Amino acid sequence: MRLDVVSIFPAYLAPLDLSLIGKARRDGLLDVRVHDLRDFTHDRHRTVDDTPYGGGAGMVMKPEPWAAALDSIAGQADSRPTLIIPGPGGQRFDQQMARELAGRSHLVFACGRYEGIDERVYQRAARDFDVRIVSLGDYVLNGGEVAALAIIEAVARLLPGVIGNAASLVEESHEDGLLEYPVYTKPDHWQGHSVPEVLLSGDHGRIAAWRHEQRLQRTAARRPDLLPRPAAASAGELNIVV
Ligand code: 6GU
């Protein structure tokens, strides 16, 4: 998979050299290129922002450097790449989107800063890219870089060969709609806390049943929104007395 990331802070993307992503790059599974948006400016101050038309707080990213950067990347692309523009106003990123993006051969990340990128860049980019505006959640970051790192990590680990033990991808939170069961390792007694007896029993049937029950309980406690809606709640909305 080819990944291009455009940012005014290329150093923010340094973690892409580390750990599994770094190894995947060295193994040739990922071709990652980080670009400095300022390299696509032509003025002495390498200006990337200006004041917003219509007034208001903050600065807006100018369209010209973005067009030059995206043209340069599109010119090198074998097929139509997916352009991901991280931003709090985007579609919510989740495991399903990660799987979908993992099926693409070329992802490009346009990391905006300030109050955002001139809207015409989005219109113009649709000519050469499948454009997706993607948000990590309902809170505000200072720019798209941290979001790009999160999306890249979630996507790259789904690619064949990036994670050594492919089985560890299967029993994961969000792969089947439930959170993960709790895990323990040695020692079996530690600071007054014990490993649940069932895990020491060697009874694989009981262990599987216990783990499934733990997943249900955890999901109900921490993320009830992930569970199918109980019949009584739906009936209540229909004014059915149960
Ligand atoms: Cl993707 N970008 C920014 N700037 N803020 C965010 C976000 C993305 N997701 C949540 N907040």
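Read-outs: derived from the displayed coordinates by stated rules, not from any lab. A quick note: this is a predicted structure, and the numbers were derived from the prediction, not measured. Methodologically, a virtual Cβ is constructed for each residue, glycine included, from the backbone with ideal geometry; neighbour enumeration extends over all protein chains shown.
Things to note:
- Once you reduce the range 128-186 and the range 69-122 to the center of their Cα atoms, the two points are 16 Å from each other.
- Computed lengthening from Leu159 to Glu64, 0.36 nm per intervening residue step minus Cα-Cα distance: 30.8 nm
- Here the range 174-237 is treated as a sphere whose radius is the Kirkwood value from Cα pairs; by Stokes-Einstein at 10 °C and 1.306 mPa s it diffuses with a coefficient of 115 µm²/s.
- Full extension of the chain segment joining Val146 with Gln217 gains 22.4 nm, where the gain is 0.36 nm per residue of separation less the Cα-Cα distance.
- Rounded to the nearest 20 debye, dipole of the range 2-166 from Cβ charges on Lys, Arg, Asp, Glu: 320 debye
- Lys62, Lys186 arranged by Cβ crowding within 10 Å, fewest neighbours leading: Lys186, Lys62
- Note, ³J(HN,Hα) from phi for the range 164-177, Karplus 6.51, -1.76, 1.60, rounded to Hz, x at Gly and Pro: x, 9, 4, 4, 5, 6, 6, 8, 10, 3, 6, 6, 10, x
- When the range 2-166 is reduced to its Cα atoms, the Kirkwood hydrodynamic radius in Å: 16.3 Å
- Gain upon complete extension [Arg80, Ala57; 0.36 nm per residue less C-alpha separation]: 4.7 nm
- Counting other Cβ atoms within 10 Å as a rough exposure proxy, the listed residues Val32, Val198 run Val198, Val32 from fewest neighbours to most.
- Stokes-Einstein D (µm²/s) once Rh is taken as the Kirkwood radius of the range 93-215 over alpha-carbon pairs, at 37 °C in 0.692 mPa s: 180 µm²/s
- Cβ-derived FRET efficiency at R0 35 Å, Ser201 paired with Lys23, nearest 0.05: 0.40
- For the options Val34, Val170, Val146, a Gaussian network treatment of the chain with springs between C-alpha atoms closer than 10 Å singles out Val170 as fluctuating the most.
- Extreme residue, positive dipole direction of the range 133-197, given options Leu169, Ala156, Val140 (C-beta unit charges): Ala156
- The chain: DSSP helices with Cα axial extent of at least 15 Å and average Kyte-Doolittle hydropathy no lower than 0.0: 145-156
- DSSP assigns beta bridges within the range 2-166; of those with both partners inside it, close to 10 percent run antiparallel.
- Computed FRET value (nearest 0.05) for Ser105 with Glu171, which takes r as the C-beta separation and R₀ as 41 Å: 0.90
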